[in-house]
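> Pasting in a structure now, in structure tokens, and then I'll have a few things to ask.
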Amino acid sequence: MTARGPDDAGQAGRGGQETGRRLRADARRNRARILAAAEEVFAEKGEGASTEEVAARAGVAIGTVFRHFPTKRDLLAAIMKELRARLVDEAAALAAGADPATAFFDFFAFMVERAARVRTVLGLLAAEGMGVRTDEQIRGALENVVGELLQGAQRAGAVRPDVRLDQVMAILTATCQGAMHGAWDDDLRRRTLMIVFDGLRPRP
């Protein structure tokens, strides 16, 4: 048996670290794929969606799904947490780089569309006896970035100057609730948002 020198041990250690990093990166990618697939499958199939369909859509083994989310409840809760974080990221990206005259309305429409897509997830969580509580940190971050979008739209002359952030949040919450609980289709959502946006825009 050949003894390993210090260099060999160092290379082995680095190799183990690299392998560990690759495994963690693979696990993060798998988790993201599972969540994206689950959101799509639940939106399409409703309450009849199965974990097997989620695994197939994500391109992973069923055991991989259970390793990340041991129960269906865990998967549903993670979908909602991921969605809330994505909303903040989307709003921040629009505030940083999009046309301020349209970014506010684009994000408003994005939020309502997302709300309509997750209605099945919310219903299943309720059936599991789980109330959906918004993390206060995420709620605050979302309100801050919506405020930035609103101010940008007002400076661009796209939103009435007398519209306040608390009014926007109230309208946005009510519209999202309507889309979720009313099962709005694309046409109803589009026509409803046209009326809401007309009310927010400056009067001629």
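Nothing in this text is a laboratory measurement; each read-out follows from the coordinates by a stated rule. Keep in mind it's a predicted model, so treat the numbers as computed, not measured. No Cβ is skipped: glycine too gets one built from the backbone with ideal geometry, and neighbour counts run over all protein chains shown.
> So, with +1 on the Cβ of K and R and -1 on the Cβ of D and E, and no other charges, what is the size of the charge dipole of the range 71-204 about its Cα centre, to the nearest 20 debye? Walk me through the numbers on the way to the answer.
Details: 18 positive and 18 negative charges, 46 e Å.
With Lys and Arg at +1 and Asp and Glu at -1, about 220 debye.
> Could the peptides 68-74, 87-93 be put in order, highest first, of the mean number of other beta-carbon atoms found within 10 Å of their residues?
On the way: 68-74: 14.6, 87-93: 17.6.
In decreasing order of mean packing, 68-74, 87-93 become 87-93, 68-74.
> With a point put 7 Å past each Cα toward its Cβ, work out how far Asp74 is from Asn144 in nm, to one decimal.
The two pseudo-label positions are separated by 3.2 nm.
> Taking 2.2 N^0.38 Å as the expected size of a compact globular protein, what ratio does the Cα radius of gyration of the range 71-204 give against it, to two decimals? Spell out each step's value before the answer.
On the way: Rg = 15.4 Å, N = 134, 2.2 N^0.38 = 14.1 Å.
Normalised Cα radius of gyration, the range 71-204: 1.09.
> Peptides 144-153, 186-195: what's the order by average Cβ count within 10 Å, highest mean first? Working shown, then result.
Working: 144-153: 20.1, 186-195: 12.5.
Ranked by mean Cβ neighbours within 10 Å, highest first: 144-153, 186-195.
> Answer rounded, prolate or oblate for the range 155-204, using the Cα gyration tensor with square roots of eigenvalues a ≥ b ≥ c: rounded when a/c is under 1.5, else prolate when a/b is larger than b/c, else oblate.
Details: a/c = 3.59, a/b = 1.68, b/c = 2.13.
Since a/c reaches 1.5 but b/c is at least a/b, the shape of the range 155-204 is classed as oblate.
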